[in-house]
């Protein structure tokens, strides 16, 4: 399967801590290989995500501090394409944009910004595709989730994670968690 | 189409302002009729959502302060079913839970909580269905988005909103907004 990485732009440690954590958890749960927190470092986010991966399995990486431009350049040099999620882009439901992205059969770097992303994000020099999960004011967390679910055709929701200490056993009602013997790790 | 309302439980005005706003925006963008902020009032959220609906169209309502138990009882008395989104529930991808929810052909109240929802949420007295958008730690915003997208089979992303002052014209690159003559409103 093609490599999928999320680039989270515009994180402000105080204000965005919870939202960025939600974006990272969604990236992991819905099938991305990792997330880049661009242009900034935030060890609280790193610790949270590492703890989740330690308990619930991986692989899933978090990279911090890389300038967004550098991350995009690296990605393109390695043959990948860049998909910017924005309400201004081509509608994933009414256009053929998802079909074109799939047809590229390349690794995808997903730019998940906020309202005030650099103007360049919208240009074809940066983003090969600007994709709208509906052309309405929205949430980058929700957009990312729906994009991954559609791009991977739901497969990621059925996936097992490696080296998980804890695993949920789905229930019609109530909660059930399987805890593995930690000595095996 | 059946009525769909989101019940947001556990909102704390300072800590959750942005996340709850994202949940509400996602509910609106992905096809819910409205959102109930249960057990608490928060006028900042109300103003934000009202401004979005004024500018980008509706209908979409926000109700605040109703005790969650009352909201659930009212919903059931009116013949609706309750769907609780939780990582502990039946997996939307690997089980037939979505098919069963659709087969009910009833209005759906979606409980979008946080990690510490009341234990009763998991019981059959409250939730007719406990649904996991993957059995992994996750985001209620992401879960809500994927649930609505699957439940409505993507139709909401193509929908037009009524009385919108602003409308995005989807673009392959760049931004384009159509502003309507406000005197018509």
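The values are calculated or read from the model by the stated rules, or taken from the named source; none is laboratory data. Since we're looking at a predicted model, the values are computed, not measured. All Cβ positions, glycine included, derive from the backbone under ideal geometry; neighbour counts span all protein chains shown.
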Which residues, taken from the range B:5-22, are in contact (Cβ under 8 Å) with a residue 40 or more places away in the chain, outside any loop (DSSP other than H, G, I, E, B) and closer than 14 Å to residue B:63 by Cβ? B:5, B:6, B:7, B:8
Within the range B:108-117, considering residues that are in contact with a helix residue (DSSP H, G or I) (Cβ under 7 Å, 6 or more places away or on another chain) and outside any strand (DSSP E or B), the one nearest to the other protein chains (Cβ to nearest Cβ): B:114
Is it true that some residue in the range B:59-75 is within 14 Å of chain A (Cβ to nearest Cβ) and touching a strand residue (DSSP E or B) at 6+ places or on another chain (Cβ under 7 Å)? yes
Identify, please: which residue in the range A:1-22 is at pLDDT below 95 and at the interface with chain B (Cβ under 9 Å from one of its Cβ atoms) and is, among those, farthest from residue A:119 (Cα to Cα)? A:18
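Out of curiosity, is residue A:52 outside any helix (DSSP H, G or I) and either out of contact with any helix residue (DSSP H, G or I) (no Cβ under 8 Å at 6 or more places or on another chain) or within 13 Å of chain B (Cβ to nearest Cβ) (or both)? Quick ask: steps written out before the conclusion?
Working: outside any helix (DSSP H, G or I): no; either out of contact with any helix residue (DSSP H, G or I) (no Cβ under 8 Å at 6 or more places or on another chain) or within 13 Å of chain B (Cβ to nearest Cβ) (or both): yes.
In short, no.
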Which of the numbered conditions does residue A:60 fail, given that it passes all the others? Conditions: (1) more than 16 Å from the chain's Cα centre (by Cα); (2) surrounded by 15 or more Cβ atoms within 10 Å (Cβ to Cβ). (1)
For residues that are surrounded by fewer than 13 Cβ atoms within 10 Å (Cβ to Cβ) and modelled with pLDDT of 95 or more, tally how many sit in the range B:168-177. 3
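Let's see how each residue does on (1) under 13 Å from residue B:28 (Cα atoms); (2) facing another protein chain (nearest Cβ under 8 Å); (3) touching a helix residue (DSSP H, G or I) at 6+ places or on another chain (Cβ under 9 Å):
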{"site": "B:126", "(1), (2), (3)": "no, no, yes"}
{"site": "B:134", "(1), (2), (3)": "no, yes, yes"}
{"site": "B:137", "(1), (2), (3)": "no, yes, yes"}
{"site": "B:142", "(1), (2), (3)": "no, yes, yes"}
{"site": "B:145", "(1), (2), (3)": "yes, yes, yes"}
{"site": "B:150", "(1), (2), (3)": "no, yes, yes"}
{"site": "B:154", "(1), (2), (3)": "no, yes, yes"}
{"site": "B:163", "(1), (2), (3)": "no, no, yes"}
Residue, farthest from the other protein chains (Cβ to nearest Cβ), within the range A:23-45, restricted to residues that are more than 13 Å from residue A:64 (Cβ to Cβ) and in a loop (DSSP other than H, G, I, E, B): A:33
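Looking only at the range A:71-105, which residues are assigned to a loop (DSSP other than H, G, I, E, B) and surrounded by fewer than 18 Cβ atoms within 10 Å (Cβ to Cβ)?
Residues satisfying the conditions are A:78, A:79, A:94, A:95, A:96, A:105.
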Here are some residues: A:100, A:159. Which one is in contact (Cβ under 8 Å) with a residue 12 or more places away in the chain, under 18 Å from the mean Cα position of the chain (by Cα) and either within 26 Å of residue B:23 (Cβ to Cβ) or within 11 Å of chain B (Cβ to nearest Cβ) (or both)? A:159
Can you tell me which of B:38, B:26, B:2 is more than 11 Å from the chain's Cα centre (by Cα) and buried (at least 20 other Cβ atoms within 10 Å of the Cβ)? B:38
